[in-house]
Amino acid sequence: MAETGKNLYISNMEKRLASVQSYSLFGESTHLPDVLHCETIADRSVLHDWELAPHRHARLHQIVLVEKGGGSVSLDGKTHALTQSSLVNVPPEHVHSFRFEKNTRGWVTTMADELLDELLVGVGTLRTELGQACVLSADATMTQTVQQIWLEFSGQETARALVLRGLSGVLLGWVARQLALQASGNAKLTDSVLVQRFKALIEQHFRAHWTVSQYANALSISPTHLSRLTRASNGSSALRMIEARLMREARRNLAYTHLSISSIAYTLGFSDPAYFSRVFTRDAGISPKTFRSQI
């Protein structure tokens with residue numbers, strides 16, 4: 001279990017932004033991670049005097065719930081106060097930092113993108129809606145769900161993985177519902193909404209290898225404007241976001257299916273398996289064959 005926690009947090013810290021550390025997961029560990037990771041806020045915060053510097057997670061979705069105490073969180077440069085029952089939703093690639101009051105109690109639940117891919121099939125636009133970095137108010141049901149995740153994660157009961165998957169889906173559902181309740185009625189197409197629509201389009205068309213221009217046309221903006229929006233939102237170009245989604249699906253297939261590497265390549269829209277292998281190796285730092293053998 002200790003090794004699992006290490007895999008979720010300690011990795012190559014590629015610096016896409018000069019001052020922001022970027023934490024990744026797959027392709028950088030010889031072990032397949034646990035279903036999720038859950039720890040108390042104190043576990044990591046006490047090591048850094050209750051303050052965590054700006055950073056982001058390339059492929060991890062975090063939900064932080066404050067049970068007692070408080071502090072503040074910075075999400076993409078905007079600071080929010082944290083009080084008792086605050087819940088922070090931090091999707092992948094969003095820059096965030098925390099400053100907690102000493103002895104703050106609560107939990108940090110971390111899920112890999114691959115788990116969200118598994119859970120959020122056939123649920124409409126929830127993946128896009130959950131992609132908002134924000135602070136919500138947690139009710140008793142949400143708090144109880146996180147507590148259950150912590151207890152189940154810390155134990156070794158029968159069907160632990162199955163229960164953790166179920167609880168993960170429930171927690172994401174509560175967060176999505178709370179997001180909907182707090183959504184404003186303003187239908188103006190803001191930059192943030194455009195980025196969310198872009199992410200939704202990627203989910204629909206990444207296997208078809210749409211170009212940046214095709215996505216920009218679907219959004220009625222220029223390719224340059226689209227990349228400017230994505231860089232401002234999470235520091236990545238539009239092209240990098242498209243490639244990252246395709247490679248995440250490749251990793252999921254390599255990890256969780258018995259399909260041959262050639263079959264995976266064709267499934268993902270590559271006409272040449274050798275080219276797929278080169279693209280995957282460039283992204284992950286190891287070949288598809290090596291990635292699968294390590295798992």
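What follows is calculated from the coordinates using simple rules that are stated; it is not laboratory data. From a predicted model like this one, the values you see are computed outputs, not experimental measurements. As a convention, Cβ positions derive from the backbone with ideal geometry for all residues, glycine included, and neighbour counts pool all protein chains shown.
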Can you work out the Karplus-derived ³J(HN,Hα) for every residue in segment 93-103? Use 6.51 cos²θ - 1.76 cosθ + 1.60 with θ = phi - 60°, whole Hz, and x for glycine or proline. 6, 8, 6, 8, 8, 10, 9, 9, 5, 4, 6
Number of Lys-Lys pairs in the chain under 25 Å by Cα, sequence gap 8 or more or different chains? 11
Have a look at Gly106, Gly169, Gly124 and tell me which one the Gaussian network model of the chain (Cα, springs below 10 Å) gives the largest fluctuation. Gly124
How would you classify segment 109-223 from its alpha-carbon gyration tensor, with a ≥ b ≥ c the square roots of the eigenvalues: rounded for a/c under 1.5, else prolate if a/b is greater than b/c, otherwise oblate? oblate
Full-extension gain in nm, Ser213 to Ser192, via 0.36 nm per residue minus C-alpha separation: 5.7 nm
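Can you sort Thr211, Thr110 so the residue with the fewest Cβ neighbours within 10 Å comes first? Before the final figure, lay out the partial values.
Values: Thr211 12, Thr110 23.
Final ranking by Cβ density, sparse to dense: Thr211, Thr110.
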Please give, to one decimal in nm, the separation of the simple spin-label points placed at Thr267 and Leu162, each 7 Å out from Cα toward the Cβ. 2.3
Any idea how far apart Thr40 and Arg228 come out in nm if each label point goes 7 Å out from Cα toward Cβ? 4.8
Just want the answer: with Cβ charges of +1 for Lys and Arg and -1 for Asp and Glu, which residue in Thr125, Gln214, Val35 is farthest toward the dipole's positive end in the chain? Gln214
Name the helices (complete DSSP H segments) of the chain with a Cα length along the long axis of 18 Å or more and a Kyte-Doolittle mean of at least -0.5, or state none. 140-154, 160-182, 191-205, 238-256
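As a check on your grasp of the helix formula, calculate [θ] at 222 nm for the chain: sum -39500 (n - 2.57) over DSSP H runs of n ≥ 4, divide by the residue count, round to the nearest 500.
Values: 13 runs with 142 residues, N = 295.
Rounded to the nearest 500, the figure is -14500 deg cm²/dmol.
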Spin-label model distance (nm) - Ala274 vs Gln204, 7 Å beyond Cα toward Cβ: 3.6
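How do Ile286, Ile264, Ile41, Ile63 line up, fewest other C-beta atoms within 10 Å first?
On the way: Ile286 16, Ile264 22, Ile41 25, Ile63 28.
By the 10 Å Cβ count, ascending: Ile286, Ile264, Ile41, Ile63.
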Please give the length that would be gained between Val170 and Ser154 if that part of the chain were fully extended, namely 0.36 nm times their separation in residues minus their C-alpha to C-alpha distance (nm, one decimal). 3.9 nm
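Does segment 239-295 come out rounded, prolate or oblate by the C-alpha gyration tensor, with a ≥ b ≥ c the root eigenvalues, rounded set by a/c under 1.5 and, if not, prolate when a/b is larger than b/c and oblate if not? Please report the intermediate quantities before stating the final value.
Values: a/c = 1.39, a/b = 1.18, b/c = 1.17.
Rounded, because the longest to shortest axis ratio a/c is under 1.5.
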